[in-house]
Amino acid sequence: MAKNTNKCSYCGRGGDAVEFLVPNHNGSAAVCPDCINQLHDMIVQYMGDIASGAKAKKAKDAGIDLNKVPKPKEIKAFLDQYVIGQDAAKRYLSVAVYNHYKRLAQEHGDDDVDIEKSNIILVGPTGTGKTLLAKTIAKLLDVPFTIVDATVLTQAGYVGEDIESLLTRLLQVADYDVEKAERGIVFIDEIDKIARKGDNPSITRDVSGEGVQQGLLKLLEGSIVNVPPQGGRKHPEQKMIPVDTKNILFICGGAFDGIEQKIAHRMNSHVVGYSTDSRRRHINKDDFMRHVAPQDLKSFGLIPEIIGRLPIVTALDRLDRDALRRVLTEPKNAITRQYVKLFAMDGVTLEFADDALDFIVDKAIEFKLGARGLRSIVETIMIDAMFEVPSADEKTFTVTADYCRRKLDEAGFDAPAV
């Protein structure tokens, strides 16, 4: 092939009209500096157009169609299938989740109104359904959702998990898609276990209490956090992933055991002289949780800064006898239904007599463990049957109150002393 390096192969100018010519690898063609600059500009523009198109497509795919999002009543109806009672908490959760979708779908126009998130804190005794509400609502959502435990968290530099590990779990659920994770929801369980251990924080360093609360502030408020994709301390050499928590909704739950005393003290603090408020005097001690307020959380040990970032406070009621009875049989994942299915897999028909269900509920009330106590009682009653029935020839098995009483006596399952 004839060599043609004495002029530009693109503009045709000769070597005397340009500064210099750049030949190709075999010397069959050459390009002048002006053409190189023009080609560079064309490539940059072309790649920018491709990137903009891909970004627009991704943004469109990530958009939220509110017509397809379940409305608050539909969300509550779904929760009703799995969780008995707790209507107030269900309403708060349903509205918060729906507003979360609205915030993701909002278009920033000329009104400069930016819908901010309203994080929630659920307060209620053990066994009332806080964690179950979170697990159930996760089934319905079309955004990444994770449940994390606050008890393992410590201040950075101490034994335990860093605060950023909360977002590591969310990234894992979102398959490390950062934009997807930034639209997610995080449920922080056992939030009461990080309450400040003492009234005077200067006495000692509270690394698993107030220290964790201070570390959570930046996550709850909304900021860009550097998240270790594999956990912070086992892989110190890993590259951090920046995650913006502005649109991540945080739902916190905790039993806050003993907060009733704080509520009672607050509600009776204004009773002075001979005139008393009858509403204050006749409040049932079991209903104190309904009157929980931010100042009670502060008295319990949460710092004011974190309370301000959890503006919605709602309480879960202690389950009464009727509610516990319904928990045994009505939800889709009721304890008795689980055992019926387990026995059916062995070809055995299992039945619970009504007097047996009443006996189990009475025992659960004695132990004051709520719905969680129901499961431990049923497990204790059914362990022998689960061991013997699969090898027996019987095709039906009925659980009666006498059978329950006998099995609990054999297991030494006595009610605790009051």
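The values are calculated or read from the model by the stated rules, or taken from the named source; none is laboratory data. Keep in mind that this is a model prediction, so the values were computed, not measured. Cβ placement follows ideal geometry from the backbone for every residue including glycine, while neighbour counts extend to all protein chains displayed. Surface areas here come from the heavy atoms of the whole protein model, side chains and all, with no ligands, DNA or RNA. Shrake-Rupley method; radii C 1.70, N 1.55, O 1.52, S 1.80 Å.
Things worth noting here:
- Options Val378, Val389, Ala411, ranked by Cα towards positive dipole end of region 361-414, top entry (Cβ charges): Val378
- Heavy-atom accessible surface of Thr136, to the nearest 10 Å², is about 0 Å², with a 1.4 Å probe and all protein chains retained.
- Relative contact order of region 282-418, pairs being alpha-carbon contacts under 8 Å that are 6 or more residues apart, as %: 23 percent
- Candidate residues Arg318, Arg375, Arg196: accessible-area rank, largest first, probe 1.4 Å: Arg318, Arg375, Arg196
- Over region 281-355, relative contact order from alpha-carbon pairs under 8 Å, at least 6 apart, %: 20 percent
- Accessible-area order (highest first, 1.4 angstrom probe) of the listed residues Ser299, Ser376: Ser299, Ser376
- Surface calculation, 1.4 Å probe, protein heavy atoms: Leu369 sits at approximately 70 Å² accessible.
- Using θ = phi - 60° in the Karplus curve 6.51 cos²θ - 1.76 cosθ + 1.60, the 3J(HN,Hα) couplings for region 116-124 round to 9, 7, 10, 5, 10, 10, 9, 10, x Hz; x is entered for Gly and Pro.
- Exposure of Met382 as accessible area (Å², to 10), given a probe of 1.4 Å and all protein chains: 0 Å²
- Carbon/sulfur fraction of accessible area - region 64-116, other protein chains in place, 1.4 Å, %: 47 percent
- Simple spin-label estimate for Ile365 and Ala293 gives 3.2 nm between the two label positions (7 Å along the Cα-to-Cβ direction from each Cα).
- Gain upon complete extension [Lys246, Ala88; 0.36 nm per residue less C-alpha separation]: 54.2 nm
- Residue ranking by accessible heavy-atom surface, 1.4 Å probe, largest first, among Met267, Met345 comes out as Met345, Met267.
- Spin-label model, Asn24/Gln81: points 7 Å from Cα along the beta carbon direction are separated by 6.5 nm.
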